[in-house]
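Asker: This is the structure, below, for whatever I ask next.
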Amino acid sequence: MRIQTIKRAVLKASKRTGLLSAVGHSPWRARRLLILCYHGVSQHDEHLWNPNLYVSQDVLRHRMELLVQNDCAVLSLEEGLRRLARNDLPPRSVAITFDDGNYDFFVRAYPVIRAFRFPVTVYQTSYYCTFNRPVFDVACSYVLWKGAGKTLDGTAFTGIPGVLDLTTEEGRASASSLVRETANRNRLSAATKDELLERLAASLDVDSGFIRAKRLLHLMNPDELQALIRDGVDVQLHTHRHRMPTDRARFVREIEDNRRFLAGVGQLSANHFCYPSGVYGDRFLPWLAALGVQSATTCDTGLANTRTRALLLPRLVDSHALSDLEFEGWVHGVSHVFPRRRSLYQQMP
């Protein structure tokens, strides 16, 4: 916490003295690309449930205003990477990306992005686009959060007799892991997991009808994706089932299924990739290259430069925890020189 306080004090002094702006206008910053990462934009209370994954629409709009106020050059991912390689980026270059392709992008994020006329890339996982139900893993965590303060007989959901204590954040996280691990161990189909989610919500008096009606934690469907692509949104690879198999044949299938789906909704060129959950490893790099993937983004924090490996691009994962001053620190590049913790997302050995 002390380090964070020092960083904010340095940023405040840098802005007051003009150092922030000077770095932002420097040739050093002009040789670097900031890739912003967002996951979800809350439709209801998702930003309260998971502020690391979701921002409110007001926060997203304000961030876009800060890009304008700081005279950033907002480029498409494709153009940004091409100009980065040529070392001819405009000052304070930024690219905007969204992971997963949630329905909330269609109804909450894109109206904001479109109002600013900014280009945007959506990394779209695809299985739950056609099986358009709440994505089980995240919906399980959300339903348990909605049941906060309660206890639950876990036998029907984990196969293990005992009480699931939802009165603490740690208890809810543990319960979510147990339920998801049990579903995976038993190789439940997506339809069966959806039924399990329905039973879990009913046992906690959580209104699953509201979740389905609002399409909370759903992905965009093919019609919505087609409309976005026609409007100029760039939709790129994020695997078909949001997973990173360590077996090469299964990994290749994930990319090929994902690419085939994207082609079917009109995205004919899908050569950029985002690692699901930020999980990456050296073993994947030759596999991606063999599949014709030109770039891949991580959830590691940083600015990309000409020495950055194209299949291990850093990004800034924006969230409610990031202050306006910290955001501007990254826009201008000052924050890049601060020591950074290792990513919350683990690198696969």
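Asker: Any residue at all in region 254-262 that is touching an Asp or Glu at 6+ places or on another chain (Cβ under 9 Å), among the basic types (K, R), closer than 28 Å to V41 by Cβ and touching a residue at least 12 places away in the same chain (Cβ under 8 Å)? It would help to see each step written out before you state the result.
Answerer: Step one: list which residues in region 254-262 are touching an Asp or Glu at 6+ places or on another chain (Cβ under 9 Å), which gives none.
Within region 254-262, none of the residues are touching an Asp or Glu at 6+ places or on another chain (Cβ under 9 Å), among the basic types (K, R), closer than 28 Å to V41 by Cβ and touching a residue at least 12 places away in the same chain (Cβ under 8 Å).
Asker: Return yes when D104 is crowded, with 17+ Cβ neighbours inside 10 Å, among the acidic types (D, E) and either more than 14 Å from C72 (Cβ to Cβ) or touching a Lys or Arg at 6+ places or on another chain (Cβ under 9 Å) (or both) and no when it is not. Break it down stepwise before answering.
Answerer: Numbers: crowded, with 17+ Cβ neighbours inside 10 Å: yes; among the acidic types (D, E): yes; either more than 14 Å from C72 (Cβ to Cβ) or touching a Lys or Arg at 6+ places or on another chain (Cβ under 9 Å) (or both): yes.
So D104 passes the test.
Asker: Taking W145 and the conditions (1) surrounded by fewer than 16 Cβ atoms within 10 Å (Cβ to Cβ); (2) touching a Lys or Arg at 6+ places or on another chain (Cβ under 7 Å); (3) of a type in the set (F, W, Y), which numbered condition does it fall short on, given that it satisfies the others?
Answerer: Of everything listed in (1) surrounded by fewer than 16 Cβ atoms within 10 Å (Cβ to Cβ); (2) touching a Lys or Arg at 6+ places or on another chain (Cβ under 7 Å); (3) of a type in the set (F, W, Y), W145 misses just condition (1).
Asker: I would also like to ask the following. Inspect region 110-122 for any residue being of a type outside the set (K, R), buried (at least 21 other Cβ atoms within 10 Å of the Cβ), at pLDDT 95 or above and within 20 Å of S189 (Cα to Cα) and give the result as yes or no.
Answerer: no
Asker: If A213 meets every condition in (1) in a loop (DSSP other than H, G, I, E, B); (2) surrounded by fewer than 18 Cβ atoms within 10 Å (Cβ to Cβ) apart from one, which number is that one?
Answerer: So the condition that A213 fails would be (1).
Asker: Looking at P111 and the list (1) out of contact with any Gly (no Cβ under 9 Å at 6 or more places or on another chain); (2) under 17 Å from M220 (Cα atoms); (3) in contact (Cβ under 8 Å) with a residue 12 or more places away in the chain, which single condition is not satisfied?
Answerer: Only one criterion is unmet by P111, namely (3).
Asker: Any residue at all in region 181-194 that is of a type in the set (S, T, Y), farther than 19 Å from Y103 by Cα and part of a helix (DSSP H, G or I)?
Answerer: Narrowing region 181-194 to residues of a type in the set (S, T, Y): 182, 189, 192.
Subsequent filtering for residues that are farther than 19 Å from Y103 by Cα retains 182, 189, 192.
From what's left, part of a helix (DSSP H, G or I): 182, 192.
Within region 181-194, one or more residues are of a type in the set (S, T, Y), farther than 19 Å from Y103 by Cα and part of a helix (DSSP H, G or I).
Asker: Would you point out the residue of region 252-263, among those that are surrounded by 15 or more Cβ atoms within 10 Å (Cβ to Cβ) and not charged (D, E, K, R), that is farthest from E224 (Cα to Cα)?
Answerer: Looking at residues that are surrounded by 15 or more Cβ atoms within 10 Å (Cβ to Cβ) and not charged (D, E, K, R), I get V252.
Asker: Next up: Quick check on S203: is it more than 23 Å from the chain's Cα centre (by Cα), farther than 18 Å from Y103 by Cβ, of a type in the set (G, A, S) and modelled with pLDDT of 95 or more? Working first, answer last.
Answerer: Numbers: more than 23 Å from the chain's Cα centre (by Cα): yes; farther than 18 Å from Y103 by Cβ: yes; of a type in the set (G, A, S): yes; modelled with pLDDT of 95 or more: yes.
When the stated conditions are applied, S203 passes them.
Asker: Looking only at region 271-282, which residues are in contact (Cβ under 8 Å) with a residue 12 or more places away in the chain and either surrounded by fewer than 22 Cβ atoms within 10 Å (Cβ to Cβ) or outside any loop (DSSP other than H, G, I, E, B) (or both)? Walk me through it before giving the result.
Answerer: From region 271-282, those in contact (Cβ under 8 Å) with a residue 12 or more places away in the chain are 271-281; that's our starting set.
N271, H272, F273, C274, P276, S277, G278, V279, Y280, G281 - these are the residues of region 271-282 that are in contact (Cβ under 8 Å) with a residue 12 or more places away in the chain and either surrounded by fewer than 22 Cβ atoms within 10 Å (Cβ to Cβ) or outside any loop (DSSP other than H, G, I, E, B) (or both).
Asker: Please go through region 86-107 and pick out each residue that is part of a helix (DSSP H, G or I) and either more than 22 Å from G24 (Cβ to Cβ) or not assigned by TED's automatic domain parsing to the domain that holds E254 (or both). So that I can check it myself, show each step before the final result.
Answerer: Of all residues in region 86-107, those part of a helix (DSSP H, G or I) come to 86, 103-107.
Those that are part of a helix (DSSP H, G or I) and either more than 22 Å from G24 (Cβ to Cβ) or not assigned by TED's automatic domain parsing to the domain that holds E254 (or both): Y103, D104, F105, F106, V107.
Asker: Within the set of pairs 6 or more residues apart or between chains, which connect a residue that is without any contact (Cβ under 8 Å) to a residue 60 or more places away in the chain inside region 3-22 to a residue that is among the polar types (S, T, N, Q) with Cβ atoms less than 9 Å apart?
Answerer: Hits for this filter: A22/S14.
Table: residues versus (1) hydrophobic (A, V, I, L, M, F, W, C); (2) more than 26 Å from H44 (Cβ to Cβ); (3) not assigned by TED's automatic domain parsing to the domain that holds V107.
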site	(1), (2), (3)
V179	yes, no, yes
N186	no, yes, yes
A190	yes, no, yes
K193	no, no, yes
D205	no, no, yes
Q236	no, yes, no
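Table: residues versus (1) charged (D, E, K, R); (2) free of Cβ contacts under 8 Å to residues at least 60 places away in the same chain.
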residue: D153; (1), (2): yes, yes
residue: A156; (1), (2): no, yes
residue: I160; (1), (2): no, yes
residue: V163; (1), (2): no, yes
residue: N186; (1), (2): no, yes
residue: T192; (1), (2): no, yes
residue: L197; (1), (2): no, no
residue: L200; (1), (2): no, no
residue: S208; (1), (2): no, no
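Asker: Still on this structure, I have one more. Out of G292, G302, I need the residue that is touching a strand residue (DSSP E or B) at 6+ places or on another chain (Cβ under 8 Å), assigned by TED's automatic domain parsing to the domain that holds H62, more than 21 Å from Q57 (Cβ to Cβ) and small (G, A, S). Which one?
Answerer: On the way: G292 fails: touching a strand residue (DSSP E or B) at 6+ places or on another chain (Cβ under 8 Å).
Result: G302 is the single residue among G292, G302 that is touching a strand residue (DSSP E or B) at 6+ places or on another chain (Cβ under 8 Å), assigned by TED's automatic domain parsing to the domain that holds H62, more than 21 Å from Q57 (Cβ to Cβ) and small (G, A, S).
Residues are listed down the side, and each one gets a yes or a no for (1) over 18 Å from the mean Cα position of the chain (by Cα); (2) part of a strand (DSSP E or B):
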{"position": "A109", "(1), (2)": "no, no"}
{"position": "A115", "(1), (2)": "yes, no"}
{"position": "V122", "(1), (2)": "no, yes"}
{"position": "C129", "(1), (2)": "no, no"}
{"position": "L144", "(1), (2)": "yes, no"}
{"position": "A148", "(1), (2)": "yes, no"}
{"position": "L152", "(1), (2)": "yes, yes"}
{"position": "A156", "(1), (2)": "yes, no"}
{"position": "P161", "(1), (2)": "yes, no"}
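Asker: Cβ-Cβ distance below 9 Å, separation of 6 or more or different chains: which pairs start in region 284-305 with a residue that is in a helix (DSSP H, G or I) and end on one that is small (G, A, S)?
Answerer: F284/A296; L285/A296; L288/A296
The values are calculated or read from the model by the stated rules, or taken from the named source; none is laboratory data. Everything quoted here is computed from the prediction, not taken from an experiment. Cβ atoms come from the backbone with ideal geometry, glycine included; neighbour counts cover every protein chain shown.
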